[in-house]
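Worksheet for the structure shown next.
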């Protein structure tokens, strides 16, 4: 932004232009608050500081979300044959292996009840009996430590229980975030994530472990959601896609880092302690992170909002007129809304927003089911499981970089729709070929596409609803979407063909649902229901996105560099 006269030293000739800038600033950004925030600059020192703080939790989030992929991973095992085991049974025993059928859960029955021979001639070649015990290749995971051999459903139940807790987590996140603030929610849930995650590493039975898994997800998941909402509310419309890209890159990098940590700390107890301990430091953000200005303004905490804005202005070396700041924060757009009523009740009464809400819910269900299903099955691909998981998370990084380019240049709706279609096609190809290299290639293409769609839904959904219910609406759609993530951990139990059909169908139907919602590219974040309903009119036309005009300087501010 260009320099101008120092604040308080305008001559009479400036008055007319000042009034003109008031009108143009508010018209451009939708309301005085948007115009005021635009005056702070798009990405000054203050914004960079907050973004870096909020990206750190994104490094930890994939470790908590997907820790069960390694912690509850399947370990090779074999049946114990008492007639041939002496002392402590060893997993590698070529003599015993000759007495075991292909079915890992049974063994050949001895010809005589008290036989003590390991000779194959002393055992039936067709009759089998259930195994009475198992020996594992290692005890690095809960699968071996808690004896889950031949009870595969108990292993996959770990992921299902975790994801079943997420709806509760999202309800709590939305309520606390909208009621007491984004920063408060972040600090509370981060503390639970660290404490319960470490506690989980001390579980000595399967039931205790899976109980702690539920509560750690229910009470600890919300810190990342609260951080994401703060990130979106910090950004100007033209930077929201870039901020979403940054969070996605950090998330992918966290996943790659998790694969490295898991390789060097293979035992599940050590791994859980290593990844959850850093979360115990996140509540210290209360001392260094400011509350969201948009939330403070929406809850009429004008003095606190003014303090944060003035701090941002000092950091960014922007001079603001105090009276104009106060007037902007005191601005009341309630006349747009009519009589005051509950924000959610207003949303429920809006047919436009309810159709939008239902479309978003289905997209979230499909995206979560396909994304988590593909991620969980990545360790089953041929090759090293740690490398496969790391490559799988690299797709998050690539998808996030594509988000920054596509969402602004092409638009949210078209980009997400195309991503769902590509994922559906990629999921379908393995039905027509048996080539391993082709399977891996289309797998990563599908993972890239669904990651793009899933990550884009965060920013798209946040832009579709008014500030008064934005956090709750994002939490609600994500909550409904968790139905997909609850079912996804069970997909390893399904036939590969059925998995393919499910992934393809969900992706293509979600692409159709995206068409029902409006474009939000470069539209101001709506403050109230009426503004949210008019989003289709507020979005920037496609032709103007190639070279967007610079935002006008609102009249209630004058920017000067401190001399």
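The values are calculated or read from the model by the stated rules, or taken from the named source; none is laboratory data. What you see is a predicted model; the values in this text were computed from it and never measured. Positions of Cβ are backbone-derived with ideal geometry, glycine not excepted, and every protein chain shown enters the neighbour counts.
If you go through the stretch 59-116 and keep only what is within 30 Å of residue 255 (Cα to Cα) and in contact with a strand residue (DSSP E or B) (Cβ under 9 Å, 6 or more places away or on another chain), you end up with 75, 76, 77. Considering the stretch 123-147, the residues that are without any contact (Cβ under 8 Å) to a residue 60 or more places away in the chain and assigned to a loop (DSSP other than H, G, I, E, B) include one that is nearest to residue 475 (Cα to Cα), namely 147. Does residue 325 qualify as being in contact (Cβ under 8 Å) with a residue 24 or more places away in the chain, more than 27 Å from residue 194 (Cβ to Cβ) and part of a helix (DSSP H, G or I)? Criteria met by residue 325. With respect to the conditions (1) in contact with a helix residue (DSSP H, G or I) (Cβ under 7 Å, 6 or more places away or on another chain); (2) in contact (Cβ under 8 Å) with a residue 12 or more places away in the chain; (3) surrounded by fewer than 24 Cβ atoms within 10 Å (Cβ to Cβ), residue 231 falls short on a single one, namely (3). The single condition among (1) in contact with a helix residue (DSSP H, G or I) (Cβ under 6 Å, 6 or more places away or on another chain); (2) buried (at least 21 other Cβ atoms within 10 Å of the Cβ); (3) modelled with pLDDT under 85 that residue 123 does not meet is (1). Taking the criterion of being surrounded by fewer than 19 Cβ atoms within 10 Å (Cβ to Cβ) and free of Cβ contacts under 8 Å to residues at least 40 places away in the same chain, the residues of the stretch 185-206 that qualify are 199, 204. If you go through the stretch 126-153 and pick out every residue that is within 24 Å of residue 486 (Cβ to Cβ) and modelled with pLDDT of 90 or more, you end up with 5. If you go through the stretch 489-540 and keep only what is farther than 18 Å from residue 417 by Cα, buried (at least 19 other Cβ atoms within 10 Å of the Cβ) and within 22 Å of the chain's Cα centre (by Cα), you end up with 489, 491, 525.
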